[in-house]
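The values are calculated or read from the model by the stated rules, or taken from the named source; none is laboratory data. Just so you know, these numbers come straight off a predicted model, no measurement behind them. Positions of Cβ are backbone-derived with ideal geometry, glycine not excepted, and every protein chain shown enters the neighbour counts.
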Amino acid sequence: MVHSRSATNGLTPAPQARDFQEEVAKLIDVTTCIGCKACQVACSEWNDIRDTVGNNIGVYDNPNDLSAKSWTVMRFSEVEQNDKLEWLIRKDGCMHCSDPGCLKACPAEGAIIQYANGIVDFQSEQCIGCGYCIAGCPFNVPRLNPEDNRVYKCTLCVDRVVVGQEPACV
């Protein structure tokens, strides 16, 4: 007996529901960020991805980098300003470019798509694991999963956005 399986779930909109969508933009105001990393946790929870806990190397960054199982990472840099120690905080993740280099570089038809709303999404079941999308991304965001030899990155929670919700990290 053959059972059909899919990487999508009941919350994933049908392809026809993805065709007409209002354009989405991604703006992160780090001046309001307190460094709690709730966005990282929300991303992991919503997408049901669990990365291994890294080692403390003397910085607040954990995990240390994006991975196939960490699609959003907060980066912290310490600077001294007015005799006080300050944190500069940056959120790393897919920029959902209007002209995505990853999409241009990918030779696997249907592995990377850009929806009408601007979200750039990876269809992992179509990925051939060549890594061209990694080389094509100017922000070094997509990551190869050595377990299944497929590339993953932030989806901007397209499954939430198309039904009127915000991405989980917001």
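Report whether or not residue 50 is of a type in the set (Lys, Arg), exposed (fewer than 13 other Cβ atoms within 10 Å of the Cβ) and not assigned by TED's automatic domain parsing to the domain that holds residue 121. Spelling it out, residue 50 is indeed of a type in the set (Lys, Arg), exposed (fewer than 13 other Cβ atoms within 10 Å of the Cβ) and not assigned by TED's automatic domain parsing to the domain that holds residue 121.
Being surrounded by 13 or more Cβ atoms within 10 Å (Cβ to Cβ) and assigned by TED's automatic domain parsing to the domain that holds residue 120 is a description that applies to residue 105. Of the strands (runs of 3 or more DSSP E) lying entirely inside segment 74-170, the ones with 3 or more residues being modelled with pLDDT under 95 are found at 84-92. The criterion of being basic (Lys, Arg) and either under 19 Å from residue 27 (Cβ atoms) or touching a Gly at 6+ places or on another chain (Cβ under 7 Å) (or both) holds for residue 160. Applying a threshold of 6 Å to beta carbon distances and a minimum spacing of six or more residues, or different chains, the list of pairs starting in segment 77-105 at a residue that is under 23 Å from residue 38 (Cα atoms) and ending at one that is in a helix (DSSP H, G or I) and of a type in the set (A, V, I, L, M, F, W, C) reads 89/30. Please verify whether residue 82 is outside the structural domain of residue 34 (by TED's automatic domain parsing), surrounded by fewer than 14 Cβ atoms within 10 Å (Cβ to Cβ) and either at positive phi or over 18 Å from the mean Cα position of the chain (by Cα) (or both), treating the condition exactly as stated. In short, no. The single condition among (1) in contact with an Asp or Glu (Cβ under 8 Å, 6 or more places away or on another chain); (2) surrounded by fewer than 16 Cβ atoms within 10 Å (Cβ to Cβ); (3) among the hydrophobic types (A, V, I, L, M, F, W, C) that residue 135 does not meet is (1).
Restricting 59, 53 to those that are under 21 Å from residue 146 (Cβ atoms), part of a loop (DSSP other than H, G, I, E, B) and of a type outside the set (Asp, Glu) reduces the list to 53.
I'm checking my understanding of the structure. Among residues of segment 141-157 that are in contact with a Ser or Thr (Cβ under 8 Å, 6 or more places away or on another chain) and of a type in the set (A, V, I, L, M, F, W, C), which one is nearest to residue 127 (Cα to Cα)? Checking each candidate, the answer is 151.
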